[in-house]
Amino acid sequence: MNYIVDFHIHSRYSRATSKNMNLEKLDEWAKIKGIQVLGTGDFTHPQWFKDLEKKLVSEDNGLYVLKSKITGKEEKTYFIITSEISCVYKKNDKARRLHLLIIMPSLEAAKKINQRLEGKYNLESDGRPILGIDAKELAKIILDISPEAMVIPAHAWTPWYAIFGSMSGFDSLEECFEELTPKIFAIETGLSSDPLMNWQLSKLDNVTLISNSDAHSPENLGREANVFNLTELNYKNIYQAIKTRKGFEHTIEFFPEEGKYHFDGHRLCGIVFTPEESLKHKNICPVCKKELVLGVLHRVNDLADRAYGFRPAEAVPYKYIVPLKEIIAEALNKTKISKIVDIEYFSLIKKGGSEFHILLDLEEDKLKKITSLEIAGGILNARREKVTRSPGYDGVYGRISVLNGSDKAKKISQEKLF
């Protein structure tokens, strides 16, 4: 059976997160999205950890459910214990800043990690704590306490706070983790890169690529996700699927251009460059004369030893999506936070099932029966990768247009008619 899993999220105790990032809302929105297993996020935060202990009950398989949902007949959302930790330190005479996604087999194991860290570091300051510790040393602490834990470099290519980031990252896993590298068997690609880009590096052939939302609000759950085909849903099987790729069906991906660090540029100067344009300017902003923020595509190109389009033999497949609210908003010529978009979104969810089912699996004829031709066309265009891409840069999200010129002309003529 297939299970959709989103490991990397945050709680309301992380900076710049919605107050609705509580377990009840997460459970509710996981069902709306079509996610069966959801990371808890932020297990290192003392108050959030108390919430997890109070409100979750173990299924005795490394997964948890809300106590309030145990006796209900509705489909359960399973929670897996996760957190993100920021490591800031100096190594090889260079300042390093990277984030690690930590996945634990139990609350008990996570508690031991917290007890080990809280004596030396302030875990209350943020749901994603900033620790002055070498990433290798943190990985060693975690894996010594729980060998079944997973330590995964988060959003690996983001310029800031990433293992391969252009501003403070490394050139290889080995440079960062040294003798522990064999135990780091997966990386998170992040919103601004996709598997095709990562496959350009032969050194990643033995590393599993996972994708997650890094959600700061319930509505953003499942922006990216992972699909596993498991005979039995439990932590052990998820661990093995990531480590061996057996049972790892595919990842669900943003178009990487929509990520906010895909191209190079300077937000304040309004400069957006391809890697080639940046090189012509010697990576210097022509407006302020300071160094450009080099995006994910540029960094991948720097480290790549293969042409774009190469596919390793054991690679996990992927599928692109555009979030449903974005498709509706474009079709209605509204912002995705407008009330009419919200109404149409929940109408579609009620008629067509979860967001993932609508975006990826609902048959074309059924799709056209439950929504407008423009919205249905946008969904189908996204499935077929018939989209227009305007890449993001320096913290500005890109834009993916799912309506081609003829679709937009048809939409405008209908608006005039009515």
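The values are calculated or read from the model by the stated rules, or taken from the named source; none is laboratory data. Source: prediction; values computed, not measured. Neighbour counts run over all protein chains shown; Cβ positions are idealised from the backbone, glycine included.
Taking only pairs six or more apart or across chains, which ones have beta-carbon atoms under 8 Å, a first residue in the stretch 240-256 that is farther than 30 Å from Lys386 by Cβ, and a second residue that is part of a loop (DSSP other than H, G, I, E, B) and charged (D, E, K, R)? Pairs that qualify, where the first residue is farther than 30 Å from Lys386 by Cβ and the partner is part of a loop (DSSP other than H, G, I, E, B) and charged (D, E, K, R), are Gln240/Lys246. Taking the criterion of being farther than 23 Å from Leu359 by Cα and either at pLDDT 95 or above or surrounded by 12 or more Cβ atoms within 10 Å (Cβ to Cβ) (or both), the only residue of the stretch 402-416 that qualifies is Gln414. Give me the residue from the stretch 179-204 that is over 20 Å from Ser86 (Cβ atoms) and of a type in the set (Asp, Glu) and, out of that set, surrounded by the fewest Cβ atoms within 10 Å (Cβ to Cβ). Looking at the filtered set, the residue picked out is Glu179. Please determine, by comparing only the residues of the stretch 68-88 that are acidic (Asp, Glu) and surrounded by fewer than 24 Cβ atoms within 10 Å (Cβ to Cβ), which one is farthest from Ala30 (Cα to Cα). The residue in question is Glu74.
For the stretch 152-173, filtered to residues that are assigned to a loop (DSSP other than H, G, I, E, B) and aliphatic (A, V, I, L, M), the residue that is farthest from Ser193 (Cα to Cα) is Met167. Per this entry, Val65 is counted among residues that are closer than 19 Å to Ser354 by Cβ, touching a strand residue (DSSP E or B) at 6+ places or on another chain (Cβ under 7 Å) and without any contact (Cβ under 8 Å) to a residue 40 or more places away in the chain. What are the residues in the stretch 377-401 that are crowded, with 22+ Cβ neighbours inside 10 Å, part of a helix (DSSP H, G or I) and under 25 Å from the mean Cα position of the chain (by Cα), if any? Scanning the stretch 377-401 gives Gly378, Ile379, Ala382.
Here Glu74 passes the criteria (1) in a strand (DSSP E or B); (2) modelled with pLDDT under 95 except the one numbered (1).
For the stretch 101-151, filtering for residues that are without any contact (Cβ under 8 Å) to a residue 40 or more places away in the chain, of a type in the set (D, E, K, R) and assigned to a helix (DSSP H, G or I) leaves 5. Listed by first and then second residue, the pairs linking a residue in the stretch 377-395 that is modelled with pLDDT of 95 or more to a residue that is exposed (fewer than 15 other Cβ atoms within 10 Å of the Cβ) and charged (D, E, K, R), with Cβ atoms under 7 Å apart and 6 or more places separating them unless they lie on different chains, are Leu380/Glu364; Asp394/Arg267; Gly395/Arg267.
So that you can scan it fast, the table gives a plain yes or no per residue for (1) within 22 Å of Trp199 (Cα to Cα); (2) over 18 Å from the mean Cα position of the chain (by Cα); (3) among the aromatic types (Phe, Trp, Tyr); (4) not assigned by TED's automatic domain parsing to the domain that holds Glu188:
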site: Phe248; (1), (2), (3), (4): yes, no, yes, no
site: Gly265; (1), (2), (3), (4): no, yes, no, yes
site: Ile284; (1), (2), (3), (4): no, yes, no, yes
site: Glu291; (1), (2), (3), (4): no, yes, no, yes
site: Ala313; (1), (2), (3), (4): yes, yes, no, yes
site: Phe346; (1), (2), (3), (4): no, yes, yes, yes
site: Ile349; (1), (2), (3), (4): no, yes, no, yes
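Taken over the stretch 1-34, the criterion of being crowded, with 17+ Cβ neighbours inside 10 Å and at positive phi is satisfied by Gly34 alone.
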